[in-house]
Structure formats: C-alpha cells, structure tokens
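Here's the structure, in structure tokens; my notes come after.
The values are calculated or read from the model by the stated rules, or taken from the named source; none is laboratory data. Note that the coordinates shown come from a computational prediction; the quantities given were computed from them, not determined experimentally. Every residue, glycine as well, gets a Cβ built from its backbone with ideal geometry; the counts of neighbours run over all protein chains shown.
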Amino acid sequence: MSSTDSHIERHIEEIGGAIWSTLCDLPFERTYGPGPTGDVGASTVTSLVHIEGTWQGAVLVQLPLSLATTLTGAMLQGEEAPDAEEVRDAIGELANMMAGNLKALLPQPSRISLPAVVFGRDYHLSLVGTTPVARVTFRSGDEPVVVSLLQHPGTAGGPEAAA
Amino acid sequence: MTAGTAATVLVVDDSRTTRRILRRALVGAGYLVVEAGDGVEGLAACRSERPDLVLLDIDMPVMDGLATLEAMKADDELRSLPVLFLTARTGGTDVAAGLVLGAQDYLRKPCDPAELTARVATALRLKAQEDALREQARALTDLSSTDPLTGLGNRRRLEHQTQRLILRAGAQAAAGLLIVDVDHFKRVNDTEGHPLGDRVLRVVADRLQVALDEPGPDGDRSLVRWGGEEFVVLAMGLTGAALVALGERLRLAVGRTPLTVDVGKRLDITVSVGCGSGTVGGMEALLSAADQALYEAKAGGRNRVVARDGT
C-alpha cells in the first residue's frame, strides 16, 4: 500500500485482498505503475456493476479469461473445469462484492445494479460520460487484475467526501 | 428441526456462485441446504421447505433482502425464523437496517466458511433456546390453569376461554353456565377421610367430562373445577330449557352408578346443579344466576337441577 494512495484505492486493495483470500487460495498482490492500459489483453472478461442513487457511477473488474477461469474453478472447487456460465456468474459476483463494499463508502442512499459481464478479445469498454475516480491494479500469479471506479459527473459528493 | 436430524438452511442469493460456496461450507458442517435466487423465491421456499434458518443476501433482483425480511416479519408463520443476512464488508447502513427489521445476525461478504458455520450454529442454538423458553412458558401457563387433582382446567382456564369466546363470537353471544356441586361432600370428607373425598372429586370430574363429550346439539362446552366440590360448565349457545336438559344429563351421569369404596361398601354420589342463562360477555351475571339457582336446588332437597335467568 502506497502512502500516495487515495482512501478509495486503499479500500479497493483491502476488499480485493479479502475476496481473494476468502474465496480462493490464489496469490494476489497490488502492483504500481501504469499497469495494463486500456484492454487488459486478448481474451478478457470485464464485469461491470452500476451504482445508482445520490452517487452515480460504476465499478469495473477486468481480468484475462484464463485467470477468470482459474479463479472460478478455485471458488467453486468443482471437479471439472468451470463452463462459461459459471465463469460469468463468478466474475459477476466478484464485481458485485466489490461494488457492494464500495457502495458503503459513497454518499447514501445508493444501490447497486445486477452485474453485466463481457467476454471478448481486443475490445475497449467505455462508459460514456464517466470519469475515473480510482484505478487499482493487482497481479494474481502472472496475470493482471484491474479494478476501476468511475463516476458520472454532476452527482453529489465523491468517495473521499463520503469516507 | 427435530432431535437427531440435521438443520435445514435456506440460502437466498442471486449469485449461483455464492450459493454454491455457501452450500459447500454448510453441507461440510452437516447442514441440509435449500436455495433460492431472489426474495420471492425465498419466501416461497420458507413456506414449502420449512427451513430452520435463512441466509439472506441484501442486494438481489426482483425482491431484495430487506424487503424479503420485512415480508417475513409480517407473516405469522415466518416471523420466528432466524435470519442471518449477507452484506458488504464495509459500511453499516444495511447492517443497521437489517437488524432493525429483525434479522438475528449478519455476515460480511465474502464470508469465511469457518465464520459462516460458527454464526449459523450460534443462531440455531439461540433459536433452540428461544423455542425451549417459549415451550416452558406455555407449559407453565397450562400448569397454572390446570387443577392438579382432577386434571380439569381451573378458574383461570375458564377466564381465558371466556375471553377467547368473546373475541370469536362477540360478547352478546348466548351462553349458559352450570354450577355442579357435589351433595354432602363435607360429610364424605369427615366420615370417610380426605383420600376418599379426593377420589369422589376425580370420579365426578370424569363422569361430567364423559357426559359432556357425548354428541349433542349444543356447541362449545368448557368444564372446569371451580373450587372445593364445585364444577362449572360454560355452554355456548345453550340457554333456557336446553341448558336445563344438559344439567339434567350431567346430574344423571354422576348419580347413575354408586362409587365402590370397598368390598361390599358403595357410596351414592349425587350433585345439585344451578343453571344461569345469558350472554358470554355477562359472566358475572351468569355466575350469579347459576349460584342463586344452585342455592335453590340445595334448599329444595339436593340432587336436582334449577334454572335462573342471568340476563
């Protein structure tokens, strides 16, 4: 954890660590520097949860499909490799947990949407009109994970004010 | 849950992943698990599966956890089901809302399996203690309204039954009241001893109960031991001649067969019956009329039925 981190970035790091340590036994560490830019890579999974209410924005979790599959398998502890639907649900729930925890730090009242999950190669997901509030990068094994908090301009307060 | 059977936990969460993770931890700890994907399904499962405990996610589509909890608390059948809700690790808004609505405890997501099973075990233990206390309270209430000698209800039982009847039928519903008094009971105690006196009371109680249990045209009838050698019957919807007929049936039922005291020794038991007719809401007037009628029956030579209007 860097001394220059914002309050919200520290929370994202704590929540991410808690999710990884509780739900799967995979390495997980914060990385600094520019990290992956734009697309995390080919074959990427992005899970997105909107936050609606006094504060409006979204939480995005992006990771390579290979890591998403490994992570899902570790969470479910099934005997067979998880199928696409299981990966979709698991990574959606991961963003849901992340958003649910971040929501509590934002001006109230606010609620979170159901997660939307995108699979694909070489795509760029853009939420029109939003600005990034925080972008935190991690590494699980050799693969990157990016968690972003985006805010719609003009909504009340900000995460720092609410924290 | 009954002794020796595993408790059933209902997991209500829209994420299949979370449900599977929770199921694995709970099944590993010996619980049976049923699942629902939202609040509406959860309420239906509460009714159909009768779980012992509910794990309820807050953020769900269709009906969220707080609305589900509110619906459960408004439902007499589901109100006492213990609920642990699943909420975010940060912040206290949802926690406070859930606890105010009546949830027993909460778990932060993602939840550690050991913490999950420990909290579930604690919640089930608390529920079992609560149920035991409720059962003890009910048993004490029964005990305090039961006559230990005859096993019949006592005066307190009749008061409770009267209140229930008033609520059900209204205070103006017609009712009759009989006071049945064992004739010359003091003489039995004085000459034959109290053990035989107690036996006489038990026999009279049994004969009255059997006679009241016989099929008849009348409705609710409650028999209690009022005190000493007096018994009271409250008969809903029964007044006038029909009430007297019931009194006559009871008198004959008690006196028809002498009580065998010893080899070759038998004791005749008779009762006098006072009848009061009126309304169930006018219990004092009913008692007063029946008491006056009983006095007249005694004065008239005993072993008879006399009626008075209690309106």
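Taking segment B:214-229, which residues are under 19 Å from B:Lys298 (Cα atoms), free of Cβ contacts under 8 Å to residues at least 60 places away in the same chain and surrounded by fewer than 19 Cβ atoms within 10 Å (Cβ to Cβ)? Listed by number, the list holds a single entry, B:Gly228. The single condition from (1) without any contact (Cβ under 8 Å) to a residue 12 or more places away in the chain; (2) under 14 Å from B:Leu234 (Cα atoms); (3) of a type outside the set (A, V, I, L, M, F, W, C) that B:Arg187 fails is (2). Go through B:Ala96, B:Ala139 for me and flag whichever is within 14 Å of chain A (Cβ to nearest Cβ), in a helix (DSSP H, G or I) and free of Cβ contacts under 8 Å to residues at least 24 places away in the same chain. It is B:Ala96.
Checking each residue in segment B:18-38 for being of a type outside the set (A, V, I, L, M) and either part of a strand (DSSP E or B) or away from every other protein chain (no Cβ under 14 Å) (or both) picks out B:Gly30, B:Tyr31, B:Glu35. Among strands (runs of 3 or more DSSP E) entirely within segment A:14-133, having at least 2 residues that are under 21 Å from B:Asp14 (Cα atoms) and within 14 Å of chain B (Cβ to nearest Cβ) singles out A:44-53, A:57-64, A:110-112, A:116-120.
Within segment B:52-92, if we keep just the residues that are small (Gly, Ala, Ser) and modelled with pLDDT of 85 or more, the residue that is nearest to A:Pro115 (Cα to Cα) turns out to be B:Gly65. Set side by side, the residues A:Leu106, A:Leu114, A:Leu65 differ, and just one is closer than 26 Å to A:Pro27 by Cβ and either buried (at least 19 other Cβ atoms within 10 Å of the Cβ) or of a type in the set (A, V, I, L, M, F, W, C) (or both), which is A:Leu65. Please find, within segment B:260-281, the residue that is farthest from the chain's Cα centre (by Cα) out of those that are under 26 Å from B:Leu158 (Cβ atoms) and surrounded by fewer than 19 Cβ atoms within 10 Å (Cβ to Cβ). Looking at residues that are under 26 Å from B:Leu158 (Cβ atoms) and surrounded by fewer than 19 Cβ atoms within 10 Å (Cβ to Cβ), I get B:Thr270.
Taking segment B:142-169 as the search range and keeping residues that are in a loop (DSSP other than H, G, I, E, B) and in contact with a strand residue (DSSP E or B) (Cβ under 7 Å, 6 or more places away or on another chain), which one is surrounded by the fewest Cβ atoms within 10 Å (Cβ to Cβ)? Residue satisfying both the conditions and the ranking: B:Ser145. Considering (1) closer than 26 Å to A:Ile8 by Cβ; (2) among the acidic types (Asp, Glu); (3) within 12 Å of chain B (Cβ to nearest Cβ), the lone condition that A:Glu143 does not fulfil carries the number (3). Looking at B:Leu101, B:Leu116, B:Leu78, which one is of a type in the set (A, V, I, L, M, F, W, C), within 11 Å of chain A (Cβ to nearest Cβ) and either out of contact with any Asp or Glu (no Cβ under 6 Å at 6 or more places or on another chain) or under 18 Å from B:Gly39 (Cβ atoms) (or both)? When all the criteria are applied, what remains is B:Leu116. The sole residue among B:Leu259, B:Leu238 that is under 22 Å from B:Gly151 (Cα atoms) and touching a Leu at 6+ places or on another chain (Cβ under 8 Å) is B:Leu259.
The residue that is surrounded by the fewest Cβ atoms within 10 Å (Cβ to Cβ), counting only those in segment B:243-259 that are among the aliphatic types (A, V, I, L, M), without any contact (Cβ under 8 Å) to a residue 60 or more places away in the chain and out of contact with any helix residue (DSSP H, G or I) (no Cβ under 7 Å at 6 or more places or on another chain), is B:Leu252. All of B:Arg225, B:Arg199 fail the test of being farther than 17 Å from B:Gly278 by Cα, basic (Lys, Arg) and not in a helix (DSSP H, G or I), apart from B:Arg225.
Do we have B:Ile21 as closer than 24 Å to A:Gly73 by Cα, among the aliphatic types (A, V, I, L, M) and either surrounded by 20 or more Cβ atoms within 10 Å (Cβ to Cβ) or modelled with pLDDT of 90 or more (or both) here? Judged against the criteria, B:Ile21 is a match.
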